[in-house]
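K.L.:
Supplied in C-alpha cells, the structure appears directly below.
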Amino acid sequence: DSASTPVPLSISSNGKDFTEDMTVFTYTPSIKLTSISPKVIPAAKSVESISVFGQNFLNTASLSCKVSTGGVVPGIFITSQEVSCPLAESGLEPGEYDIYVGNTASELTLSEVKIKVTKLPTVGKVSPTSGSHGSIIKMTGSNYLPSSLLSCRFGTQIVSAHYIDANTLECITPYNNVGVHSISVSNNKVDWVDEDEEVVFEYVEKAELVSATPHILTRKAGNVVTKITVQGHNFEATSDLTCELLGVKSSAKVVDDSQIECNVANSNAKLGPQTLKIYDAETKIGDLVDGLFFVDPVVLTSLSPSTIVSSGKPSTVAVYGRNFHMSKNLKCHFGDVHAVAATYISDGVVECVAPGYSVAGSIELRISNDGENSSLSSGLTLNVLKLATALSISPSSGPSEGGTVVQVTGENFDKILGLRCTFGDG
C-alpha cells in the first residue's frame, strides 16, 4: 500500500490487560528509488538540487535527503514519485556520491544510481569551422563523458553528441540562420562550457548538387577513369575534395561556385542508376542520388541503307545493334566532325539523319549514349557515292502496255546502289 496507515498502540504488563488511553503508531510504505536527474553534475558549479524518482514519497515535514557522508537535509515533496533534494551551496568535488531519501530522517533508502560529479567539459578546437545544416563536426577538448545526455549547442539549438573518447566528440549541425554561432558542450544538457571558452561555427548556404555531365557512362573493362562535371550551387573552394562512387573515392576539384569536376572509376560500376557522393575531407557535401547511369558498351551490327548519295541533302539511316539507351544525349557521330541527335526506336535500333554530303567517300558512323566520346561504339562504314545523272534514253518512246526495254546512258552509275528506273510516278 502506498498510503500511510495509523494504528492504535496500547500497553499491557501481563499480556491480558491493556491500557485504555491508547496512543497512535503510523505505518509508512517502504520507499523505492529508481533514478535521479541529472546523473552527472559539474564540480565547483552551483547546482541547487537534484530530482530523485521512485515510489511512496510522503508529503510530510520529515521527508529527508542525504548525499553520501554529508548531513541530512529536508527534502522537497513534488509528487509521490518525485522528491527534490538540495545540494551543498559550495558544490561537490569530482567523484561519485550515494544518494539517500527517506520519509523520515531515521529511515533513509539508498539509491542504486549514484550521482557523478565531473569537471566541466571544454572545447579547444572544432573542425570544420564552417558549413551548413547536416554537417558532421568534430570537436576536441576535455572531460567528455559517454553519456546519453552528452550534447552540443549551436547558438540556441541543442543536438545529441556522439562520444568518441574523453577528448573527442562529433555532432551533426542542426538547422540555423546563416552567420556565426557559438558552440558549447554539455555532459548533462544543463551545465555548458563556460562562455569565455566557447568556440564559433559559421553557417553558410548549403551546397546543392543538381546534375552531372555526362549523366550516362559506359561501363568498361580495366582501370578506366572518366571526368564528369557536377552542377549545383554554393560550392566553396577546398583542397580536400573527393568524389565517392560505390565506396571508391577519387580526386575532385571546385571549378567555381556552381561546378565540381570529379574523376570517377567506371570499370567496376554496376549497371543502372548510381549515387555519387561528394566530401570535403570527412564532411559530406551532398549526395547526387541516381546522378549517374551506367550502361554496357554500344555494339553496332548494320546500317540501312549503308550507302547514300552526295546530293547535298540530309539522309535518314537506320542503325542496328544493341545497348542503345533512350536519352536526350543519345547521338550519332559521322566521322570526327558531325554529331547529331539520334532518334531512339528501341534498345536495338536508332535512326540518324546524315548531313548532306556534296562529295563521295566513306564515313565512319558511331553511336554514343551520352553524347560524349567516352562511350563511342566501334563504327560502321557509311558509303557516300556521287549522284547518278541520266543523259539520254533509247528508245525514247514505247507502247502504253509497257514492256519496252530501254537503255539509259549517263554518269556515276554504280552497281552497289541497287539501281532502279522509275517511269513517271510509278
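The values are calculated or read from the model by the stated rules, or taken from the named source; none is laboratory data. Quick caveat, the model's predicted, so the values are computed rather than measured. Here the Cβ positions follow ideal geometry from the backbone for every residue, glycine too, while neighbour counts run over all protein chains shown. Heads up: the accessible areas ignore ligands, DNA and RNA and are worked out on the full protein's heavy atoms, side chains in. Shrake-Rupley method; radii C 1.70, N 1.55, O 1.52, S 1.80 Å.
K.L.:
Using θ = phi - 60° and the Karplus relation 6.51 cos²θ - 1.76 cosθ + 1.60, list the HN-Hα couplings for region 329-344 in order, rounded to whole Hz, with x at every Gly or Pro.
P.N.:
9, 5, 9, 9, 10, 9, x, 9, 10, 9, 10, 10, 5, 9, 9, 6
K.L.:
If I take the Cα coordinates of region 107-207 and project them onto the principal axes, what are the three extents in Å, biggest first?
P.N.:
Between the extreme Cα coordinates on each principal axis of region 107-207 lie 61, 24, 22 Å.
K.L.:
How much accessible area per residue does the chain have, in Å², with a 1.4 Å probe?
P.N.:
Averaged over the residues of the chain, the accessible area is 56 Å².
K.L.:
Under the rule that a partner needs its Cβ under 4.7 Å from the first Cβ, which Cys of the chain have none?
P.N.:
C421
K.L.:
Using a 1.4 angstrom probe and counting only protein chains, how large is the accessible area of D194 in Å², to 10?
P.N.:
It works out to around 60 Å².
K.L.:
Mind computing the radius of gyration and Dmax over the alpha-carbon atoms of region 1-149? Å is fine for both.
P.N.:
When restricted to Cα atoms, region 1-149 yields Rg and Dmax of 22.9, 87 Å.
K.L.:
As a test of reading the structure, rank F77, F25, F154 by solvent-accessible area (1.4 Å probe, protein chains only), most first.
P.N.:
Working: F77 65, F25 100, F154 0 Å².
Result, largest first: F25, F77, F154.
K.L.:
Another question about this same structure. For the chain, what mean projected area does the convex hull of the alpha carbons give, in nm²?
P.N.:
The directionally averaged projection comes out at 41.8 nm².
K.L.:
Hey, another quick one. Counting only protein chains, not ligands or nucleic acids, how are D290, D98 ordered by accessible area (probe 1.4 Å), most first?
P.N.:
Descending accessible area places them as D290, D98.
K.L.:
How far, in nm, would the chain grow between V73 and V204 when pulled straight, counting 0.36 nm per residue and subtracting the alpha carbon separation?
P.N.:
Numbers: separation 131, 0.36 × 131 = 47.16 nm, distance 5.16 nm.
This chain segment gains 42.0 nm when fully extended.
K.L.:
Quick check: with the 1.4 Å probe, what order do S127, S358 take by accessible area, largest first?
P.N.:
Values: S127 60, S358 95 Å².
Final ranking, largest accessible area leading: S358, S127.
K.L.:
Here is a follow-up. Report, ordered by chain and residue number, the lysines lying within cross-link reach of K284, taken as a straight Cα distance under 26 Å and ignoring same-chain residues fewer than 8 apart.
P.N.:
K125, K138, K206, K227, K249, K253, K270
K.L.:
For the chain, which whole percent of the accessible surface, found with a 1.4 angstrom probe, sits on carbon and sulfur atoms?
P.N.:
Carbon plus sulfur share of accessible area: 50 percent.
K.L.:
How much length is gained on full extension from I136 to N176, taking 0.36 nm per residue of separation minus their Cα-Cα distance?
P.N.:
13.0 nm
K.L.:
On to the next question. Taking 0.36 nm per residue of separation and subtracting the Cα-Cα distance, what length does fully extending A390 through K16 add?
P.N.:
Length gained, A390 through K16: 119.7 nm.
K.L.:
List the residues of region 286-306 whose backbone N lies under 14 Å from a point placed 7 Å from the Cα of R322 along the Cα-to-Cβ direction.
P.N.:
296-302, by backbone N distance to the label point.
K.L.:
Moving on. Under a GNM of the chain (C-alpha, springs under 10 Å), which listed residue has the highest mean-square fluctuation: I285, I345, I367?
P.N.:
With Cα springs under 10 Å in the chain, the top fluctuation among I285, I345, I367 is at I345.
K.L.:
Stokes-Einstein diffusion coefficient for region 225-282 at 25 °C in a medium of 0.890 mPa s, Rh from the Kirkwood formula over Cα pairs: what value in µm²/s?
P.N.:
Rounded, D is 210 µm²/s.
K.L.:
Could you pull out every residue, at least 5 positions away or on a different chain, whose amide H is within less than 5 Å of the one on S310? Hs are placed 1.01 Å off N in the peptide plane, and Pro or chain starts have none.
P.N.:
Those lying under 5 Å, H to H, from S310 are L385, K386, L387.
K.L.:
Quick one: pull the percentage of alpha-carbon pairs in region 217-337 with a separation above 21 Å.
P.N.:
Working: 3756 of 7260 pairs.
Considering region 217-337, 52 percent of its Cα-Cα pairs are separated by more than 21 Å.
K.L.:
Turning to a different aspect of this structure: Counting only the heavy atoms of the protein chains, how much of L209 is accessible to a 1.4 Å probe, in Å² to the nearest 10?
P.N.:
Probe radius 1.4 Å; accessible area of L209 about 30 Å².
K.L.:
In addition: Read phi for every residue in region 188-202 and hand back ³J(HN,Hα) as whole Hz from Karplus 6.51 cos²θ - 1.76 cosθ + 1.60, θ = phi - 60°, with x for Gly and Pro.
P.N.:
Listing the rounded values in order: 9, 6, 10, 9, 10, 3, 3, 4, 6, 10, 5, 10, 10, 9, 9 Hz.
K.L.:
Using a 10 Å cut-off on Cβ atoms, rank the peptides 392-400, 110-118 from the highest mean neighbour count down.
P.N.:
Top to bottom by mean Cβ count within 10 Å: 110-118, 392-400.
K.L.:
With all protein chains present, calculate the accessible area of E82 using a 1.4 Å probe and round the result to the nearest 10 Å².
P.N.:
50
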